[in-house]
Structure formats: structure tokens, C-alpha cells
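Below you'll find the structure, written out as C-alpha cells, and then a few comments.
The values are calculated or read from the model by the stated rules, or taken from the named source; none is laboratory data. For clarity, every value in this text was computed on a predicted model and none was experimentally measured. Using ideal geometry, Cβ is built from the backbone for each residue, glycine included, and neighbour counts are taken over all protein chains shown.
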């Protein structure tokens, strides 16, 4: 059947009727994205409480800072900064500027600049239930750990953890001469003993 004989789609019909191409029904500026907010010095906890009270999806990632052989101290991963998710199409996002503890939103030419897609998802995938990125207390399945699959169609295969989250892990597995990245439940994995050198 020739291409011009195929029935037109509704979008094609609308484009002909209105004489202009229709854009994506949800342009990128309308989709929620993660943005960086600058926090007033010494007000991280206050800003987090205020953002959560105002129902803003936010992230204040932590990490363990070590000094020599001393026990680590839990501190902000990005001191003075936090991540907030909102849509630029939403008329309410400027209210962030009136949130206690929030100094400003990182912007370019007076327009908030979103973080690259996947940046916060990658952080969240590496965040423990204690909100710590790459938490040293979860030592069994940290990135780089050798694991074996306990259950499912991949049972018996060994791999290396790439990303570790609360309940799931991204693992590189080698099967049939190819390396594949798969996401599995933590409960389906077991750490392999480390080889003594």
C-alpha cells in the first residue's frame, strides 16, 4: 500500500485543519524537573522542614565524611544546596523564594536551570534508608561488590553491582558471552566472598 494511501492520524488531521504543526502535548518546560536551590548559611534543617511543610519534593543528600581512622561524621553531600522538583509551567514555583531558609534558585538569565535528566535519580539509587549516598553501613552490596543471583531466571549467575538502592540493585552480569546490565531486588542477591590476594 503506498504511503499516501494510509489513513491520516488525528494529529495529521489537526495539523491540516489548523494549518500548523502541533507540538508535544507536554513541552519540556511543563514537565517537572529537579532544580538546585541555595540555602541560607546555617539553615539547612530549617529550609528542609519548611520545604517539606509546603509539600515541595526535595532532596538533601548526606554522606559520611571521614578524617583518618576516626568514625565518620554524617554531613550534607552538597553543603548549602538542596534539590527541589517543580515545573516551570506551574505558577507557584516562585513561592520557593519566600520559603524559610531558601536564598535563591540557581538560574541562567533569570530563569531557573534544571539539573541534567537522571542526575537526581542516580543519587537516589545510591541513597540508603538513612538518606546517605553510598552509605558505608550497607557494605554488602556497594558499587563494585561481586554478587551472585539467588533466585529467578538468572539464578546462579555472578555479577558486579553498579548502583545500589534501598530495595534494588543494578548489576552487570555476563551470560552467553555478553555483558548486560540488569536491575534486581536486593533480596535476590548475595555478596560473594572477597578473594584473598
Test: residue in the stretch 66-76 that is surrounded by fewer than 18 Cβ atoms within 10 Å (Cβ to Cβ), modelled with pLDDT of 90 or more and within 19 Å of the chain's Cα centre (by Cα): yes
Extreme residue, modelled with the lowest pLDDT, among residues of the stretch 120-164 that are crowded, with 16+ Cβ neighbours inside 10 Å, over 21 Å from residue 72 (Cα atoms) and touching a helix residue (DSSP H, G or I) at 6+ places or on another chain (Cβ under 7 Å): 163
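So which residues in the stretch 46-77 are over 21 Å from residue 94 (Cα atoms), outside any strand (DSSP E or B) and without any contact (Cβ under 8 Å) to a residue 60 or more places away in the chain?
Start the filter on the stretch 46-77 by keeping residues that are over 21 Å from residue 94 (Cα atoms), which leaves 61-77.
Now narrow it down to the ones that are outside any strand (DSSP E or B): 61, 66-72, 77.
66, 67, 68, 69, 70, 71, 77, listed by residue number.
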